[in-house]
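Q: Right, I'll just put the structure down here and ask away after.
The values are calculated or read from the model by the stated rules, or taken from the named source; none is laboratory data. Note that the structure is predicted; figures quoted are calculated from it, not measured. For neighbour counting, all protein chains shown are included, and Cβ atoms are generated from backbone atoms with ideal geometry for every residue, glycine included. The accessibility values were calculated without ligands, DNA or RNA, using every heavy atom of the protein model including side chains. Shrake-Rupley method; radii C 1.70, N 1.55, O 1.52, S 1.80 Å.
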Amino acid sequence: MCKTSEPRDLETLMGYLGDFGKYQAWQFFLHILSAVCAGLNMMTLVTVAAVPEYRCEIPGIDLNRTYTALNDTMLARHLPKLASGKFDSCSLLNLTTNVPYKCESYVYDHTHYGNTRATEWEFICDRRWMGAVAQSVYMFGVFTGAVVLGNMADKVGRKPVFCWSAVLQLIFGVAVAFTPEYFSFLVLRFLYGIFGSAGSYIPGFVLTMELVGPSKRSMCGISFQAAFAFGIMLVAGWGAFIKDRQLLQIIYGCHAIVLLGHFWLMDESPRWLWSNGRVKESVDIVQKALKMNGKSVNLDTAEFVSRGASEVRTKEEAGGIGDLFRTPNLRKKTLNVMLCWFANSLVYYGLSLSTGNLKGDPFVVLFVMGLVEIPSYVATVYLMDRWGRRPLTSFEMILGGICCIVAANLSQGAASTAFVFAGKFLIASSFAITYNYSAELFPTVIRSFAMGLGAMCARTSGALTPLITLLDSFDPKMPAIIFAVISVISGVFVMFLPETLNKPMPQTIEEGGAVWEGRYVVQFLVRQRRGKGG
């Protein structure tokens, strides 16, 4: 029973709920499904628009435009060589004058891929930029979703943004499979990006962070990243078995069906409801959660509502994206976190989208690229609650950047692939910590703004990544060097952020802009004691 001497504030209310019971586990399961879909949607173009091995059609050899496997001796008769020593897949040699010329038709090796957008629209040679733009447009869609929907999640609630995004994710995910030409494809890819990898994912993550207690935030936050990696593995799994790009995209889009039941099954964040003056709804959800968790706590709803109503939310307390820059402390944290998101995303997607350049079965490589993240997250859960968020993030970003440089300076083979996987292992871990770290650094009233701004920076770099990879036409090492330098610089700056391990999540802008003061730590310890005591 609630004791009359205890305050009827939000932290007391959430303290009764405890860190992680049956209710939180059920809601967490509903939230994390959005991460699986987000990871899958983000990487669909890797298979749907994959570029197989290709070269110019050789008259008299490639009959009916069918790719014929040739040895180097045969290729040398018909194809010129580049400065790198590789054969030029976009030119033929004139057999009389031995002068190279651009060919007009190409043949593709369909050993691993059937028909793809790249083979239909020829995203190769002088049109290679079209594939990069298609991926960048999706990322700009995620960018837009992070800004617009992150704002909406703070204004209208986490749940409505999550649920309606799921519906639109399904619609655009299927519709993009039927686009007949390139520019309509880009428009639908942009809309698909808004709702496919931002709309449900960001509200879902914030919902979990606002529901579970401090001792479980790390585990739950990292689990979101593991679910995202599982989505990447699903892309590889489906792609290996389904060779028709249209059917493949339809199957990818239909994964959003698992999110449609959330209209009825998922609850709004009690913290958001309380912060927006809907105190009774907040108390009712916590009361429901207490029953599911088996706790015999009878909340005095009237007292909580009375206390909540007395906490008049001023215009300043309502929060907005400008509040992230209001105080010097918040401003420094915001800019630093923005760079951290930008750098992590740049390297993460740079390595993920490079799977086609690695030797071996592309589906196995993509699957392992996702699989390697799982042990990374297991190690992260263990280490981040022992070493802290700040030193671990900094160390992994610096070392991950070094792995990129080493891989770029090795010839393609087992050693180069190993360093790529090692870099992915480290960056996946630091990226995962960044999600948790950001949620813990900023107060409730602007948390979704902060997460949305961070995601916006991540998607900006994600949109730039396919374009940066095109720089390998000038120097094969250039993209990796760019990724590495930015990662190392950000890793150094992370050390200037405050540590959040075992600190309370700030609720107001005042708390978020202040150095961790004694009174906030006391509130945190009191909440922990009440949660454990039931």
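Q: How much length would be gained if the chain were fully extended between residue 374 and residue 331, taking 0.36 nm per residue of separation minus their Cα-Cα distance, in nm to one decimal?
A: Residue separation times 0.36 nm, minus the Cα-Cα distance, leaves 12.1 nm.
Q: While we're on this one: So, taking all protein chains as they sit and a 1.4 Å probe, how much accessible area belongs to residue 339, in Å² rounded to tens?
A: Using a 1.4 Å probe on the heavy atoms, I get roughly 60 Å².
Q: Using mean Cβ contacts within 10 Å as the protection proxy, how do 156-162, 125-131 order, highest first?
A: 156-162, 125-131
Q: Next question, about the same structure. Could you rank the peptides 114-123, 461-470 by their average count of other C-beta atoms within 10 Å per residue, with the highest value first?
A: Answer by packing, highest mean first, reads 461-470, 114-123.
Q: Here is a follow-up. With the Cα gyration tensor of segment 380-469 giving a ≥ b ≥ c as the square roots of its eigenvalues, does the rule (a/c under 1.5 for rounded; else a/b larger than b/c for prolate; else oblate) give rounded, prolate or oblate?
A: Oblate, since a/c reaches 1.5 and b/c is not below a/b.
Q: Give the accessible surface of segment 89-154 per residue, rounded to a whole number of Å², with probe radius 1.4 Å and ligands, DNA and RNA excluded.
A: I get 45 Å² per residue for this part.
Q: Okay, next question. Mind ordering 185-191, 59-65, 481-487 by average Cβ neighbours within 10 Å, highest first?
A: Order by mean packing, descending: 481-487, 185-191, 59-65.
Q: May I pose another question? Give the average over all directions of the projected area of the C-alpha convex hull of segment 30-140, one decimal, in nm².
A: 9.2
Q: Right, another one. Any idea what the relative contact order of segment 360-432 is, in percent, if you count C-alpha pairs under 8 Å spaced at least 6 apart?
A: Reported relative contact order: 43 percent.
Q: Okay, next question. Cβ under 14 Å from residue 200's Cβ, residue 200 left aside: what net charge do those residues give with Lys, Arg +1 and Asp, Glu -1?
A: For residues surrounding residue 200, the net value is +2.
Q: Direction-averaged shadow area of the convex hull around the Cα atoms of segment 124-276, nm²?
A: If you wrap the Cα atoms of segment 124-276 in a convex hull and average its projections, you get 10.3 nm².
Q: State which entries of 332/477; 216/288; 216/424; 280/333 exceed 28 angstrom in Cα-Cα distance in the structure shown.
A: The pairs that break the limit, which is 28 Å between Cα atoms, are 332/477; 280/333.
Q: Expected output is a single nm value to one decimal: the length gained when fully extending between residue 288 and residue 86, i.e. 0.36 nm times separation in residues minus the C-alpha distance. What is it?
A: Residue separation times 0.36 nm, minus the Cα-Cα distance, leaves 66.2 nm.
Q: Enumerate the amide H contacts of residue 55 below 5 Å, restricted to partners 5 or more residues apart or on another chain; note that Pro and chain-start residues carry no placed amide H.
A: So residue 55 has HN proximity to 107.
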